[in-house]
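Right, one structure below, let's go through it.
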Amino acid sequence: MDQADKPFLRTLAGEAVWPPPIWLMRQAGRYLPEYRDVRAQAGDFISLCTNPELAAEVTLQPLRRYGFDAAILFSDILMVPWAMGQPLRFAEGEGPLLEPLRDAAAINGLWTAGVAERAAPILETVARVRSFLDVQHQRTALIGFAGSPWTVACYMVEGRGGGEFAHARRMAYGDPALFGRLIRSLTDATAEYLLAQVAAGAEALMLFDSWAGLLPPSQFRRWVIEPTAELVRRLRKQLPHDFPLIGFPRLAGPLLVEYAQRVGVQAVGMDTAMDPRWAAANVPQGIALQGNLDPQALVSGGAALEAEARSLLAAMRGRPFIFNLGHGIVPPTPPEHVAALVRLVRTG
Ligand code: 1CP
């Protein structure tokens, strides 16, 4: 089947497809009992991400239930630091833990080339999912992804999530030469990794910059916009000029517009705090919008969920739009609320 028959890809090509395509960030995950089963079978989270058979299975689980317009590779943004040789583990109930990078020796010791080789099992997952979609879900597109350099650097310097990334933010001010070296290493590694995902079958790429909103404007331009624009230039050198890219600088506020114009993506993600009417009025028409229902409204369900979803649809009607959440699905989400949301969006 031709890519032209995939509503998600048509939207990224600039068409105001209606009803809009829908997928949800973290659509594979702990809210699904079938995910919890596979997760228990895999053991730890890294073993799941590096097991192509199981990772492909959990990528496909939400499609079977809901028939989303896109599948997103099941992996994590921290698999890039892992492939660069930084020790990583996922502690039960604590999230990711890395050996923090705090000095030049640690940063210079990272591997920047060969990431695609070390990530081979993840690329194998991409290939398996794509072959399956080509046969069984021909209207569903496959999204590959990585973290943007800023957000991944936050975790690498801090060693963990859950806080405000004070060490990373101070390194960016206090030793911009060293922090810049880390950002450049990440840009190299991430470009190689994403190009390998496309070679394996990814049809669009999403760049997650979950912690972009921690920065004031000057730092946002230097560490979010510039490195992401550089990453996109690297990708575009090797890919068709209109290869679909989605950028998600979470909590960027009004800087979303400058990001959208300068980075050179086909779509930007709106986080939960973004006013969709403001985004529709201020982000250039040619750039698609994706988002931004509150994940907590999806937990609540009922009339409140319906009202929020309808108001989002009304704000986006007439422009290229991909229905999604403003951040990832949370584990307490009842799976039947997701089904209700998909029905609502499908009827426009
Ligand atoms: O216990 C488990 O099963 C692990 C929970 C989990 C899952 C399901 C983690 C740990 N990562 C993932 C998958 C994941 N992560 C995907 C898969 C595809 C999908 O969307 O279905 C994606 C795209 C990510 C991306 C990711 N990981 C981001 C960017 C998006 C966001 O949520 O802001 C970030 C910041 C991470 C780091 C991470 N990985 C896992 C956790 C719990 C966290 C957050 C840590 C923190 O609190 O800072």
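The values are calculated or read from the model by the stated rules, or taken from the named source; none is laboratory data. Predicted model only: the values in this text are computed from it and were never measured. Cβ coordinates were reconstructed from backbone atoms using ideal geometry, including for glycine residues, and neighbour counts include every protein chain displayed. Please note that ligands, DNA and RNA were not included when accessible areas were found on the heavy atoms of the full protein model with its side chains. Shrake-Rupley method; radii C 1.70, N 1.55, O 1.52, S 1.80 Å.
Take residue 213 and decide whether it is surrounded by fewer than 19 Cβ atoms within 10 Å (Cβ to Cβ) and either within 16 Å of the ligand (Cβ to nearest atom) or among the aromatic types (Phe, Trp, Tyr) (or both). Quick ask: steps written out before the conclusion?
Numbers: surrounded by fewer than 19 Cβ atoms within 10 Å (Cβ to Cβ): yes; either within 16 Å of the ligand (Cβ to nearest atom) or among the aromatic types (Phe, Trp, Tyr) (or both): yes.
Criteria met by residue 213.
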Residue ID - nearest to residue 200 (Cα to Cα), chosen from residues in region 91-133 that are within 15 Å of the ligand (Cβ to nearest atom) and at pLDDT below 95: 95
Residue within region 52-65 that is under 20 Å from residue 114 (Cα atoms) and either surrounded by fewer than 24 Cβ atoms within 10 Å (Cβ to Cβ) or among the β-branched types (Val, Ile, Thr) (or both) present: yes
Selection from region 60-102 of residues that are in contact (Cβ under 8 Å) with a residue 24 or more places away in the chain, charged (D, E, K, R) and not in a strand (DSSP E or B): 65, 69, 76, 94, 99, 102
Residue tally, condition of a type outside the set (Lys, Arg) and either closer than 13 Å to residue 12 by Cβ or open to solvent by 20 Å² or more (accessible area, probe 1.4 Å) (or both), over region 246-273: 17
Residues of region 74-90 satisfying the condition of being open to solvent by 10 Å² or more (accessible area, probe 1.4 Å), more than 10 Å from the ligand (Cβ to nearest atom) and among the β-branched types (Val, Ile, Thr): none
Residues satisfying the stated conditions in region 168-193, i.e. surrounded by fewer than 22 Cβ atoms within 10 Å (Cβ to Cβ) and polar (S, T, N, Q): 185, 187
Pick from region 22-54, criterion without any contact (Cβ under 8 Å) to a residue 40 or more places away in the chain and of a type in the set (Ser, Thr, Tyr), ranking: nearest to the ligand (Cβ to nearest atom): 35
Qualifying residue in region 104-116 (condition: open to solvent by 70 Å² or more (accessible area, probe 1.4 Å), free of Cβ contacts under 8 Å to residues at least 60 places away in the same chain and of a type in the set (Gly, Ala, Ser)): yes
Pair list, Cβ < 8 Å and 6+ apart or interchain, from region 194-207 residues that are buried (at least 21 other Cβ atoms within 10 Å of the Cβ) to residues that are of a type in the set (Asp, Glu): 200/124
Selection status of residue 153, of a type in the set (A, V, I, L, M), open to solvent by less than 40 Å² (accessible area, probe 1.4 Å), under 23 Å from residue 102 (Cβ atoms) and within 16 Å of the ligand (Cβ to nearest atom): yes
Counted residues, region 208-225 - those being part of a helix (DSSP H, G or I) and in contact (Cβ under 8 Å) with a residue 60 or more places away in the chain: 4
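Mind telling me which of the residues 299, 338, 342 ends up being among the β-branched types (Val, Ile, Thr) and open to solvent by 20 Å² or more (accessible area, probe 1.4 Å)? Steps first, answer last, please.
Values: 338 fails: open to solvent by 20 Å² or more (accessible area, probe 1.4 Å); 342 fails: open to solvent by 20 Å² or more (accessible area, probe 1.4 Å).
Result: 299 is the single residue among 299, 338, 342 that is among the β-branched types (Val, Ile, Thr) and open to solvent by 20 Å² or more (accessible area, probe 1.4 Å).
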Yes/no for residue 204 being small (Gly, Ala, Ser), touching a Pro at 6+ places or on another chain (Cβ under 9 Å) and under 24 Å from residue 261 (Cα atoms): yes
Conditions (1) farther than 22 Å from residue 246 by Cβ; (2) within 13 Å of the ligand (Cβ to nearest atom); number of the one not met by residue 71: (1)
Any hit, region 232-245, residues being within 28 Å of residue 292 (Cβ to Cβ), touching a Lys or Arg at 6+ places or on another chain (Cβ under 6 Å) and either open to solvent by less than 10 Å² (accessible area, probe 1.4 Å) or away from the ligand (no atom under 15 Å from the Cβ) (or both): no
